[in-house]
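Asks: Okay, here's the structure, questions in a sec.
Every number in this text was worked out from the coordinates using simple rules, so none of it is lab data. Everything numeric in this text was worked out from a predicted model, so none of it was measured. Cβ placement follows ideal geometry from the backbone for every residue including glycine, while neighbour counts extend to all protein chains displayed.
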Amino acid sequence: MEKESGSRIPGFFKLTPEERLGKVKEFAGLSDDEAALVATTGGLRLDLANRMIENAVGAFPVPLGIAVNFLINGRDYLVPMAIEEPSVVAAASNAAKMARTKGGFKTGSTGSVMIGQIQVVGLPDPNYARLSLLSKKAAVLGKANEQDPVLVSLGGGAKDLRARVVDTQRGRMLVAELLVDCKDAMGANAVNTMAEAVAPLVEEITGGKVVLRIITNLATERLARASAVFSKEALGGGEVVDAILDAYAFACSDPYRAATHNKGIMNGVTAVVLATGNDTRAVEAGAHAYAARSGRYLPLTCWEKNVDGDLVGTLEMPLAVGTVGGATASHPIARISLKILGVKSAAELGEVICAVGLAQNLAALRALATEGIQRGHMGLHARNLAIAAGAEGELVDRIAAKMVEERKVRLDRAKELLEQLGGNRRRSCGKT
């Protein structure tokens with residue numbers, strides 16, 4: 001039997017949910033109360049939900065799973081993933097297992113700088129206004145940093161000011177950009193506050209009118225990077241490597257395929273972003289904008305073959321996530337997810353998420369290039385359909401297995417099987 005080591009937990013999927021939580025509890029050092037909270041489907045109290053959003057009436061629980069096997073920069077991680085789609089957690093875990101044979105994932109990042117944009121209109125001479133604004137950079141940065149002395153005391157705050165003239169259908173506009181080091185926060189509130197605070201000063205300097213003052217989610221100054229080598233033996237041979245490269249070439253040449261290619265990456269990325277209480281919409285918007293930055297929509301990942309015939313994957317993408325503030329601080333399950341991860345900074349969290357995105361993409365490409373995506377996915381999807389049809393307990397697995405065997409994974413077939421198998425069980429029980 002394969003030995004358990006760090007995040008490498010053989011047979012994790014075979015354990016009961018209680019047994020899995022026990023393993024996670026031991027790995028992450030969770031308290032009894034924290035473990036109990038994770039195990040409930042109602043970990044978010046209604047009074048807390050009411051403070052987080054408007055018009056709250058309840059909560060919408062999403063399954064929380066744990067991806068195992070992740071070795072990143074020589075350290076083991078168990079990765080919480082909140083997602084409703086079958087096969088995603090299993091696929092990430094399997095890809096991470098394959099990456100371990102060549103040392104796991106290597107990651108890095110560019111820092112924690114976010115960009116706040118200030119739109120200036122009504123300028124007859126926007127290029128002159130641009131230079132005038134840049135000549136007063138110190139004053140603008142000083143005004144911005146007055147808004148968040150705590151962030152400044154931690155070494156963050158507004159660090160630079162850029163400006164550019166943009167041609168639009170409404171004429172030329174000046175766009176000033178504050179570069180703010182947000183440290184371990186995602187930073188939207190801090191950046192927006194600073195942008196709004198400097199707006200009057202920008203108007204005074206340029207003579208124009210400020211309209212928008214807001215953060216951009218295209219976080220090109222906050223990139224995360226991940227790479228991994230997957231041996232051809234672990235993947236199933238050289239033919240599989242070539243098939244994956246063919247699939248990647250298809251995505252590079254066709255935006256319709258590239259959209260689904262990147263959706264597979266985001267299956268992993270978004271699941272971890274959500275589990276840690278971060279802004280899924282901001283991360284997704286930034287990722288897709290980054291994929292189109294050349295003017296063509298392209299895959300976020302790159303896949304190559306090295307001299308040994310092994311597959312080499314890399315992923316670079318904006319990942320504006322935080323470990324303090326917002327729902328990461330207020331949502332109890334998000335706090336526990338961060339504890340399970342054991343990350344020490346927002347940069348580390350972004351790097352872990354990037355590694356999960358790379359793993360997810362590898363798993364999807366390998367499935368597509370070999371047996372097809374449906375084999376594993378539909379087996380899990382069949383269970384959801386059985387539940388939707390009204391099955392409970394062991395009938396869920398029996399109906400799901402029958403549908404997969406028949407290759408008829410449909411809700412109407414699930415209902416038929418429930419009537420047959422459920423009726424048989426009731427008649428059997430009646431005889432006893």
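Asks: Among the lysines, which have Cα under 23 Å from the Cα of K14 when same-chain residues fewer than 8 positions away are ignored?
Replies: Correct list for K14: K3, K23, K25, K97, K402.
Asks: Now, a different point. Tell me which residues come under 5 Å, amide H to amide H, from F70 once H is placed; ignore anything under 5 positions away on its chain.
Replies: Y77
Asks: Right, next: Identify which of V396, V312, V198 has the largest mean-square fluctuation in a Gaussian network model of the chain, with springs joining Cα atoms closer than 10 Å.
Replies: V396
Asks: Return the calculated 222 nm mean residue ellipticity for the chain, to the nearest 500 deg cm²/dmol, obtained by summing -39500 (n - 2.57) across DSSP H runs with n ≥ 4 and dividing by the residue count.
Replies: On the way: 18 runs with 225 residues, N = 432.
So the calculated ellipticity at 222 nm is -16500 deg cm²/dmol.
Asks: While we're on this one: Quick check: net charge around R410, other residues with Cβ under 14 Å of its Cβ, Lys/Arg +1 and Asp/Glu -1?
Replies: Numbers: positive: R383, K402, R407, K408, R413, K415; negative: E405, E406, D412, E416.
Here the charged neighbours net out to +2.
Asks: First select every other residue whose beta carbon is under 12 angstrom from the beta carbon of E19; then total the charges, Lys and Arg +1, Asp and Glu -1.
Replies: Values: positive: K14, R20, K23, K25; negative: E18, E26.
That works out to +2.
Asks: In nanometres, what is the gap between the two model label sites at K137 and R164, each 7 Å from Cα along Cα-to-Cβ?
Replies: Placing both labels 7 Å along Cα→Cβ, they lie 1.6 nm apart.
Asks: How high is the FRET efficiency between V121 and A292 when r is their beta carbon distance and R₀ equals 35 Å, given to the nearest 0.05?
Replies: Working: r = 26 Å, r/R0 = 0.73.
Here the calculated transfer efficiency is 0.85.
Asks: Give the calculated FRET efficiency between E239 and L154 to the nearest 0.05, with a Förster radius of 56 Å applied to their Cβ-Cβ distance. Kindly include the intermediate steps, with their values, before the conclusion.
Replies: Values: r = 52 Å, r/R0 = 0.93.
The formula returns an efficiency of 0.60 here.
Asks: Most fluctuating residue of Y128, Y77, Y256 in a GNM of the chain with Cα springs under 10 Å: which is it?
Replies: Of the options given, Y128 has the highest mean-square fluctuation.
Asks: Report, in debye and to the nearest 20, how large the dipole of the stretch 26-117 comes out about its Cα centre when Lys and Arg carry +1 and Asp and Glu carry -1 on their Cβ. Kindly include the intermediate steps, with their values, before the conclusion.
Replies: Values: 7 positive and 9 negative charges, 121 e Å.
I would put it at about 580 debye.
Asks: Let me see the pair-distance distribution of the chain: every alpha carbon pair, 20 Å bin width, integer percents in order.
Replies: 23, 49, 24, 4, 0
Asks: Where both partners of a DSSP beta bridge lie in the chain, what percent of those bridges are antiparallel, to the nearest 5? Intermediate results must be reported in sequence, preceding the final value.
Replies: Working: 49 of 51 bridges.
If we restrict to bridges inside the chain, about 95 percent are antiparallel.
Asks: For A282, what is the net charge nearby, where nearby means another residue's Cβ is under 15 Å from its Cβ and Lys, Arg count +1, Asp, Glu -1?
Replies: Numbers: positive: R222, R281; negative: E221, D279, E284.
Taking every other residue near A282 into account, the sum is -1.
Asks: What aspartates and glutamates could a cross-link reach from K143, if we take a straight Cα to Cα line under 17 Å and drop same-chain neighbours fewer than 8 places away?
Replies: In chain and number order, the partners are D160, E177, D181, E196, E203, E204.
Asks: Counting only C-alpha contacts under 8 Å and six or more residues apart, can you give the relative contact order of the chain as a whole percent? Could you put the intermediate results ahead of the total?
Replies: Working: 784 pairs, mean separation 76.6, N = 432.
With pairs under 8 Å counted, the relative contact order is 18 percent.
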